[in-house]
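Student: Pasting in a structure now, in structure tokens, and then I'll have a few things to ask.
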Amino acid sequence: MKFLFAVLAIFVVALPCAWTKLELDAGPSFNVIDYGATGNGQTDDSQAFLKAWKDACNASYGTATLLIPKEKTFMLQPVLFRGPCKPPIVHIKLKGTIIAPNKIEAWKLPKSTRMAWIRFRHISGLVIRGGGWGLIDGQGSPWWNSYFNTEIKRPTALHFRECDYLFLSGLTHINSPKNHISINRCNNSLISKIHMIAPDESPNTDGIDISQSSNIVIKNSKMETGDDCIAINHGSTFISIIGVFCGPGHGISIGSLGKNGAHQTVEEIYVRNCTFNRTTNGARIKTWIGGQGYARKITFKDIILMEATNPVIIDQQYNPYDNVGGVRVSDVSYHNVRGTSSSMHAIKLHCDKSVGCTNIELKGINITTITGKKTYASCKNVKGVCSFCNPHVSCLSHKGSN
């Protein structure tokens, strides 16, 4: 595990340095205004953006820059920015504001494509920087109100697929119709200084969803959403989350995994120096009964809790009405988890009797209630060890004082 931490530390430092070095070789700049974008917040500027993207993607030298100027608001319909591109880096400099259509009926969503607003596909070396000015507004309120209408499928705001060496920084992203960012089949990428905002009652407005990706670092960001701040899904490996402030929301989740009997895997996940503020969950692992695969080699370390409802939770029975069996959960560590819970039930380790959870380690846990009442833990079918734990976890072997 120490070797993993060392590798992640090198990775966090090396990626920004590599991008900076490449960006010194400045190339052409393409301003969306020069391609016909109006930036009045009402006119559809999608085609102007796509024309500017085409030229940036085909630039013959240096780092190409797509400029979205400040003090302008650009309304975009669903768009796809596609690669591969000729430059080693394509830099989107977002200084202005991008907004989605403000009514469901105004959206022009093709039925044959993924339900997403802005898509990036097959682009290596994509850099999107906001510099503290850039704002992306999904205008999701009408979509949230249609949550119980099963005929309406809500779109993801930003979807990245097959975008290796992706770098996102300095963006504010608000009010997605569904999850704010999806990362799929992307590797060796860094996301930092992102601020996501959606009301805590907005349904399924996850911050970042990751799947089938490896070597992803998310750091120094703030996520205030109506669902998981970060959800790590099937096929994710070597994911590092450092210095994230989460809340409101549903915490940082591994899964869910194994729905409908699927074989799904997640491993080598490292979450450190994160804060959960009034979240419905804190550090969570959730898998379905009847699923297959594994969630393993997962560490939550140096976690601060501020009135979190379910601070520490492993739920291997996410759907108790499904088949027997389940996704195996093993090699999970919770180290130095401290703060307050809004409920007395601070730790839940609920594992399936047919597979159980193994090698679960809790160390340096101190969770109290905001009212001063004593907290407690519940657990079943778990093998592991707990040292210096408050509350006491009865089904684990104990080392040290409680």
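Student: What does the accessible area of residue 287 come to, in Å² to the nearest 10, when a probe of 1.4 Å is used?
Tutor: About 0 Å², rounded to the nearest 10.
Student: I'd like the accessible area for residue 358: 1.4 Å probe, protein heavy atoms, all chains in place, Å² to the nearest 10.
Tutor: Answer for residue 358: close to 60 Å² accessible.
Student: With springs only between Cα atoms under 10 Å apart, run a GNM on the chain and tell me which of 33, 89, 183 wobbles the most.
Tutor: Of the options given, 33 has the highest mean-square fluctuation.
Student: Give me the dipole magnitude in Debye, nearest 20, for the chain about the Cα centre, with unit charges on the beta carbon: positive for Lys and Arg, negative for Asp and Glu. Don't skip to the end; give the middle numbers.
Tutor: On the way: 43 positive and 28 negative charges, 116 e Å.
Result for the chain is approximately 560 debye, rounded to the nearest 20.
Student: In degrees between 0 and 90, to the nearest 10, how far off the longest principal axis of the chain does helix 2-23 point, with axes built from Cα atoms?
Tutor: Rounded to the nearest ten degrees, it is 10.
Student: With a 10 Å cut-off between alpha carbons and a GNM built on the chain, which of 108, 297, 348 moves the most?
Tutor: Result: 108 has the largest fluctuation of those listed.
Student: Between residue 293 and residues 5 or more places away or on another chain, which pairs have amide H atoms under 5 Å apart, with H built 1.01 Å from N, and which residues are they?
Tutor: For residue 293, whose amide H was placed from the backbone, the distant partners under 5 Å are 264, 328.
Student: Sticking with this one: Residue 368: net charge of surrounding residues, Cβ under 10 Å, Lys/Arg +1, Asp/Glu -1, itself excluded? Don't skip to the answer; put the middle values down first.
Tutor: Details: positive: 338, 373, 374; negative: none.
Result for the neighbourhood of residue 368: +3.
Student: Continuing with this model, one more query. With a ≥ b ≥ c the root eigenvalues of the C-alpha gyration tensor of the stretch 196-272, is it rounded (a/c under 1.5), prolate (a/b larger than b/c) or oblate? All intermediate terms of the calculation are to be shown ahead of the outcome.
Tutor: Working: a/c = 2.68, a/b = 1.29, b/c = 2.08.
Oblate, because a/c is 1.5 or more while a/b does not exceed b/c.
Student: Can you say what percent of the DSSP beta bridges in the stretch 228-401, counting only those with both residues inside, are antiparallel? Round to 5. Mind showing how you got there, number by number?
Tutor: Details: 1 of 74 bridges.
In the stretch 228-401, DSSP labels about 0 percent of beta bridges as antiparallel.
Student: To test your reading of the geometry: what angle, between 0 and 90 degrees and rounded to tens, separates the Cα axis of helix 46-57 from the longest principal axis of the chain?
Tutor: 90 degrees
Student: Percent of Cα-Cα pairs more than 27 Å apart in the stretch 27-197, please.
Tutor: Details: 2783 of 14535 pairs.
The proportion of pairs with Cα distances above 27 Å equals 19 percent.
Student: Give me D for the stretch 228-401 in µm² s⁻¹, whole number, from Stokes-Einstein with Rh from the Kirkwood sum over alpha-carbon pairs, 4 °C and 1.567 mPa s.
Tutor: On the way: Rh = 15.6 Å.
Using the Kirkwood radius from Cα pairs, D works out to 83 µm²/s.
Student: Along the Cα-to-C-beta direction of residue 31, a point sits 7 Å from the Cα; which residues of the stretch 60-99 have their amide N less than 17 Å from that point?
Tutor: Correct set: 65-74, 92-97.
Student: A follow-up question, please. Net charge within 10 Å of residue 207 by Cβ-Cβ distance, Lys/Arg positive one each and Asp/Glu negative one each, not counting residue 207 itself?
Tutor: Working: positive: 222; negative: 206, 209, 224, 227, 228.
Result for the local shell: -4.
Student: Where the accessible area of the chain is counted over protein heavy atoms with a 1.4 Å probe, how much of it, in %, is carbon and sulfur? If you can, show how the numbers build up before the last one.
Tutor: Working: 8570 of 17100 Å².
With neighbouring chains kept in place, the figure for the chain is 50 percent.
Student: With no solvent and one equal point scatterer per Cα, compute the Debye intensity ratio I(q)/I(0) for the stretch 241-296 at 0.23, 0.25, 0.26, 0.28 Å⁻¹ and report its log10, rounded to two decimals.
Tutor: Those come out to -0.86, -0.93, -0.96, -1.02, one per q.
Student: Could you state the accessible area per residue of the chain in Å², with a 1.4 Å probe and every protein chain left in place?
Tutor: Here the per-residue accessible area is 43 Å².
Student: Now a separate question. Per the Debye formula with a single identical scatterer at each Cα and no solvent contribution, what log10 I(q)/I(0) holds for the chain at q = 0.07, 0.11, 0.12, 0.14 Å⁻¹?
Tutor: -0.34, -0.80, -0.94, -1.20
Student: First check a/c for the stretch 113-211, with a ≥ b ≥ c the square roots of the eigenvalues of its C-alpha gyration tensor; if it is under 1.5, answer rounded, and if not, answer prolate when a/b is larger than b/c or oblate otherwise.
Tutor: Details: a/c = 2.39, a/b = 1.47, b/c = 1.63.
Since a/c reaches 1.5 but b/c is at least a/b, the shape of the stretch 113-211 is classed as oblate.
Student: Name the residue, out of 209, 302, 55, whose mean-square fluctuation peaks in a Gaussian network model built on the chain with Cα pairs under 10 Å.
Tutor: 55
Student: Along the charge dipole of the chain, which of 215, 88, 174 sits closest to the positive end, that is, farthest toward it, with unit charges on the beta carbon of Lys, Arg, Asp and Glu (+1, +1, -1, -1)?
Tutor: Comparing the listed Cα positions along the dipole, 215 ranks first.
Student: Taking amide H positions as placed in the peptide plane 1.01 Å from N, state which residues far from residue 333 in sequence (5 or more) or on other chains have amide H under 5 Å from it.
Tutor: Amide H neighbours of residue 333, under 5 Å, 5+ apart: 298, 299, 300, 361.
Student: Net charge around residue 293, counting only other residues with Cβ within less than 13 Å of its Cβ (Lys, Arg = +1; Asp, Glu = -1)? List each step's numbers first, then the result.
Tutor: On the way: positive: 259, 296, 328; negative: 267.
Residues close to residue 293 contribute a combined charge of +2.
The values are calculated or read from the model by the stated rules, or taken from the named source; none is laboratory data. Predicted, not measured: the structure shown is a model, and the values here were computed from it. Please note: Cβ atoms are built from the backbone with ideal geometry, for glycine as well, and neighbour counts cover all protein chains shown. Heads up: the accessible areas ignore ligands, DNA and RNA and are worked out on the full protein's heavy atoms, side chains in. Shrake-Rupley method; radii C 1.70, N 1.55, O 1.52, S 1.80 Å.
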